[in-house]
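Reading through the structure tokens given below for one structure.
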Amino acid sequence: MKIGIIGLPYSGKTTVFNALTGATAKIGGFGAPGGKPHVSVVKVPDMRIEILAKMFEPEKVAYADLTFMDVSLPKGEATEREKDTLQSIKNVDAIAHVIRLFENGKPPTTKSDIQNIDSELMLSDLTVIESRLDKIEKQIRLGKGKGLDDEKRILEKCKACLESENPIRTLHLSEGESKILRGFQLVSSKPMLLILNTGEELIGKEIQDPDIKTYLAQPNTAVFQICGKIEMEIAQLEEKEAHLFLKELGIQEPGLNRLIRASYDLLGLISFFTVGDDEVRAWTTRKGAKAVHAAGVIHSDIEKGFIRAEVIGYEDLIKCGSLTEGRNRGLLRLEGKEYEVRDGDIINFRFNV
Ligand SMILES: Nc1nc2c(ncn2[C@@H]2O[C@H](COP(=O)(O)OP(=O)(O)OP(=O)(O)O)[C@@H](O)[C@H]2O)c(=O)[nH]1
Ligand SMILES: [Mg+2]
């Protein structure tokens, strides 16, 4: 999974990026050298993996991972920077928009910052959609419009949404409609995590801002609060020291852990596990995914050759202490293709290639 961090200049994108990933990218100096976004891959912390590793003592332990991309771009023409930013986030799964809530001589301008970035995203999508609709109409005039009806209808629906100044993520789309739109990589259709980057004085206090509340009521939108500056400093300490520091400041959990939960919720993701002497591993899939699709997360051959899934819930396995005991108690059971995977399921896929 990939999350693109965007925001206005000096909102603290790189600071937040460093806080979340432990990277040491340069602050106040735009992007990485060469004009590329900063990229960092972090493992998704999960206590369950650690406990399963104790039970199975595997050769290898693999966590799910998450890629962050900080799209702080080099100084240049404002329009060029915008274009590059939009290009960079076309293939992310979610957008994290960093908003300055700390004072930097000027008080925060939350509402206009949110609107500013959203307008950019919407304008970019509108251009893509209008250009495609023009082409479709031309095809229709030439009598070659067969099979383009669905695409035209859904693009018109998106266009109307954008023209009423709502991002596409606020539309309720069917599975089929989403599929048609996927190829366009529309940036305002991506789930949005608003990152409220606060000053130290707001650590542990929930921000009460009516503009943020209104925004939050939209579908596919979530809010996450962090004091980027402090958490960046903490992320650069040794683990033990970091714990002490967090405690002292009254921060319950490092930003990364909280952010991961927020993004899993926002994206409707769950984890399932595969276990064995060779490897204990976490995988990510969507809430509501069927066993056969979860198999496809591991390998397309397992999806194609799916026979059955042997499943036990995480809590059940812990209660039983082993797979054998789980089987004896009937908690480790066989499920078919249509079984809906639950968060924490431990699965062994039986398949045929
Ligand atoms: N007080 C305070 N200052 C912060 C915080 N986060 C960032 N800053 C300061 O804001 C300035 C810009 O931070 P960056 O992280 O470089 O911001 P950016 O959004 O990546 O900036 P560009 O890449 O240049 O667009 C720096 O001077 C930071 O020290 C914060 O939480 N509190
Ligand atoms: Mg930056």
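The values are calculated or read from the model by the stated rules, or taken from the named source; none is laboratory data. Please read all numbers here as calculations on a predicted model, not as lab measurements. Here the Cβ is made from the backbone with ideal geometry for all residues, glycine too, and neighbour counts use every protein chain on show. The area values use the complete protein model at the heavy-atom level, side chains included, leaving out ligands, DNA and RNA. Shrake-Rupley method; radii C 1.70, N 1.55, O 1.52, S 1.80 Å.
Amide H to amide H distances under 5 Å link Ala62 with Val280, Arg281, Ala282, where only residues 5 or more positions off or on other chains count and H is placed in the peptide plane. Given a Förster radius of 41 Å and the C-beta distance between Ser174 and Leu237 as r, what FRET efficiency does 1/(1 + (r/R0)^6) yield to the nearest 0.05? For Ser174 and Leu237, the calculated efficiency is 0.30. Distance from the alpha carbon centroid of segment 172-246 to that of segment 312-351 works out to 34 angstrom. Placing a label point 7 Å from the Cα of Lys111 along the Cα-to-Cβ direction, the residues of segment 147-191 whose backbone N falls under 19 Å from that point are 165-167. Taken per residue, the accessible surface of the chain reaches 53 Å², heavy atoms only and a 1.4 Å probe. Taking a ≥ b ≥ c as the square roots of the eigenvalues of the Cα gyration tensor of segment 258-353, is the shape rounded (a/c under 1.5), prolate (a/b larger than b/c) or oblate? Taking the square roots of the gyration eigenvalues as a ≥ b ≥ c, segment 258-353 is oblate. DSSP beta bridges confined to the chain are antiparallel in about 45 percent of cases. For the pair Asp134 and Arg182, the difference between a 0.36 nm per residue extended length and the Cα-Cα distance amounts to 15.4 nm. How much of the accessible area of the chain, probe 1.4 Å, is carbon plus sulfur, in whole percent? The C+S portion of the solvent-accessible surface of the chain is 50 percent. Mean-square fluctuations from a GNM of the chain, with a 10 angstrom spring cutoff on Cα atoms, peak among Ala217, Ala94, Ala291 at Ala217. Max-minus-min Cα coordinates of segment 115-188 on each principal axis give 41, 24, 19 Å, with the largest extent listed first. The string of couplings for segment 112-129 from the Karplus curve (6.51, -1.76, 1.60, θ = phi - 60°) is 6, 5, 4, 5, 4, 5, 4, 4, 4, 4, 5, 4, 4, 5, 4, 4, 4, 5 Hz, one whole number per residue in order, with x for Gly and Pro. All C-alpha pair distances within segment 61-214, sorted into 5 Å bins from zero, spread as 1, 7, 15, 17, 17, 15, 11, 7, 5, 2, 1, 1, 0 percent across the bins. What the phi angles of segment 270-277 give under the Karplus curve with 6.51, -1.76 and 1.60, with θ = phi - 60°, is a coupling list of 9, 10, 10, 10, 10, 10, x, 5 Hz, glycine and proline written as x.
Maximal additional length on extending the Arg329-His299 stretch stands at 7.8 nm, based on 0.36 nm per residue less the C-alpha distance. In percent, rounded to a whole number, the relative contact order of the chain is 19, using alpha-carbon pairs under 8 Å and six or more apart. Taking every alpha-carbon pair under 8 Å whose residues sit at least 6 apart, segment 115-188 reaches a relative contact order of 46 percent.
Whole-Hz Karplus values for segment 99-109 come out as 10, 6, 10, 8, 7, 10, x, 10, x, x, 10 Hz, taken residue by residue from phi with 6.51 cos²θ - 1.76 cosθ + 1.60 and θ = phi - 60°; glycine and proline positions read x. Legend: calculated FRET efficiency, Glu103 to Ser164, from the Cβ-Cβ distance at R0 = 51 Å, rounded to 0.05, equals 0.90. The sum of -39500 (n - 2.57) across all DSSP H runs of n ≥ 4, divided by the residue count of the chain, sets its helix-only mean residue ellipticity at 222 nm to -13000 deg cm²/dmol. Compared with the alpha-carbon gap, the fully stretched path from Phe245 to Ala62 is longer by 63.1 nm at 0.36 nm per residue.
Put simply, the amide H of Lys287, placed in the peptide plane, has neighbours under 5 Å in Leu269, Ile270, leaving out anything fewer than 5 places away on its chain. If you wrap the tightest convex hull around every Cα atom of the chain and split its volume per residue, you get 179 Å³.
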